[in-house]
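The block underneath contains the structure these notes are about, expressed in structure tokens.
The values are calculated or read from the model by the stated rules, or taken from the named source; none is laboratory data. As the structure is a computational prediction, the values presented were derived from the model and not from experiment. Glycine also receives a Cβ, built like all others from the backbone with ideal geometry; neighbour counts cover every protein chain displayed.
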Amino acid sequence: MRRLGKAYTIDEIKALNLKGALYIRMSTDLQVESPENQNRQMLAYAETYGIEIVKIYVDRGVSGLTADKREQFQALIDDVERGRNDFGIVLYLDETRWGRFVDSREADYYRMRLERKNVICQTCDKPLTLTNNIADRIMTILKDESASDYSRQLSQKVFIGQCNLIHKGYRQGGHAGFGLRRMLLDESGNHKQELNIGQRKSLLTERVILIPGPPSEVAKVLWIYDQFITGFSESEIATRLNSEGWKTDLGRLWTRSTVHEVLTNEKYIGNNLFNRSSAKLKTKLKPNPENEWIRKNGAFIPIIDSERFYKVQEIIKNRQRKISNDELLDYLQKLKEQKGRLSAMIIDEAEGIPPSSLYSRRFGGLLRAYQLIGYIPAHDYRYIEINRRLRLLHNDITNDTISRLESICGQPFIVDPETHLLEINHNLYISIVISRCFRTSSGRSRWKIRFDTGLSPDITVAVRMNLDNQEIYDYYILPFLEFGKENLKLYEENQGLLDSFRFDSLDQILRMSININLDEVA
């Protein structure tokens, strides 16, 4: 239908009696781009050229960085390629509604797929001429690149704003830690109130810093460091703390790993760290090298002196020297003989042996390491493989949810490395838990939801797996005020209002639009 040379006039286009479809993608950046407003503007555009709209595709609150999660966009492509369309032109408001693809060439790729089936792709921000010339093509490519560049600039601007706050000494999410407390500051920098676990700031102009906790806790942190320096292990220190009735800041028993966290976190010497991990523009969450960390030394009042802290780090560093594969397997063999069995938890809590994560990285999984020492777990391999797969799936679901939310809200989100909570706009905290499917002796399916009660997230996204624990079965989006006080057992069909919180996708949580004033962030 397109032609080279002279453009069609409006009357000539009307005479063609074109049938068209609308593609609408909601953006939370500007209210004027709501689906209703897009629809109204595009219908007016279609009326100008006498185009009869026979189909409307709408993606509400879905990221424009990729096409993967845009169900209606994919339906549009599929309808055309399978010949299920009775329209010859697709209208969309502008290039940004077609997509803010990280690689701008993707936008052209999807247009080409339609135009190969003789379906025209047309924005409503320029006249419809039905011409096909190099000038139009160059202009479209430039607009695609502009839409892609907008996403990169937005992400960078917000990141710079967050870095500025770090350099000013403000805390960016996460619980305080044993021996520390979070203090809320007003816009003038004055102390406003101490925040308990679960309490959040309510105004964008407020900030949070860390302050020393009760003197008894501060003294106990000093004791932990001194005990470690004199030769006591993390496990021995944890046993002593538990025997004396001490609990972590989250009200839990001490373990080797929680003691290790106190011994290695720079916040205890007053340093403020950020960007230790990141997941920007649809990339997976990944740890960043230390030279990319954002650090503000002396941001908070220290409760540990630098001499003690770095002496501990030197001890830990010497302990973590390069270990050969043979040595790793020898440690594992001795631990199996000592404990009678092996698991990731047993390895992580054992003294003098590297963490289970090192075995997984070095040997391609714990199962492979077990096989090399001739150990067969009491549970079958399928059970272990399911757990391993679910741990990987948890990361995939979390990363996907983060990137989709980032695209909707136009800002990168914070994932607390200690609690793994998603922090949105310093106001909404989300926990993602995955529930295996169990079969009872009668053959019925059951799921157990274990809430992060100590963290008090605002919302828990419970992901139920299917019968063979290979794929996601459905989701329960559970507000803390209604649930979260105790663990929950789910059946295939649940009584009361419980199933009203069940959803087939995460669209419900992704519809929570959050607008950010970037100038306030920066």
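Out of the residues in the range 195-225 that are more than 32 Å from the chain's Cα centre (by Cα) and surrounded by fewer than 13 Cβ atoms within 10 Å (Cβ to Cβ), which is farthest from PHE300 (Cα to Cα)? The selected residue is SER216.
Tell me the residue from ASP149, ASP125, ASP108 that is at pLDDT 65 or above, within 33 Å of the chain's Cα centre (by Cα) and surrounded by 12 or more Cβ atoms within 10 Å (Cβ to Cβ), please.
ASP108
The set of residues in the range 168-202 being in contact with a Phe, Trp or Tyr (Cβ under 9 Å, 6 or more places away or on another chain) and either within 20 Å of LEU428 (Cβ to Cβ) or not hydrophobic (A, V, I, L, M, F, W, C) (or both) consists of GLY169, ARG171, GLN172, GLY173, GLY177, GLY179, GLY198, ARG200. In this structure, does ILE353 turn out to be in a helix (DSSP H, G or I), modelled with pLDDT under 85 and β-branched (Val, Ile, Thr)? Answer is no for this residue.
Taken over the range 8-44, the criterion of being in contact with a strand residue (DSSP E or B) (Cβ under 7 Å, 6 or more places away or on another chain), at pLDDT 90 or above and assigned to a helix (DSSP H, G or I) is satisfied by MET42, LEU43. Restricting attention to the range 310-347, the residues being exposed (fewer than 15 other Cβ atoms within 10 Å of the Cβ) and in contact (Cβ under 8 Å) with a residue 40 or more places away in the chain number 4. In the range 356-377, what residues are aromatic (Phe, Trp, Tyr), in a helix (DSSP H, G or I) and touching a Lys or Arg at 6+ places or on another chain (Cβ under 9 Å)? Result: TYR359, TYR370.
Residue-by-condition table, conditions (1) touching a Lys or Arg at 6+ places or on another chain (Cβ under 7 Å); (2) hydroxyl-bearing (Ser, Thr, Tyr):
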{"site": "GLU36", "(1), (2)": "no, no"}
{"site": "ARG40", "(1), (2)": "no, no"}
{"site": "ALA75", "(1), (2)": "no, no"}
{"site": "GLU81", "(1), (2)": "yes, no"}
{"site": "TYR92", "(1), (2)": "no, yes"}
{"site": "PHE101", "(1), (2)": "no, no"}
{"site": "ARG116", "(1), (2)": "no, no"}
{"site": "THR131", "(1), (2)": "yes, yes"}
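Taken together, the residues in the range 51-78 that are under 30 Å from THR9 (Cβ atoms) and either in a helix (DSSP H, G or I) or touching a Pro at 6+ places or on another chain (Cβ under 8 Å) (or both) amount to 1.
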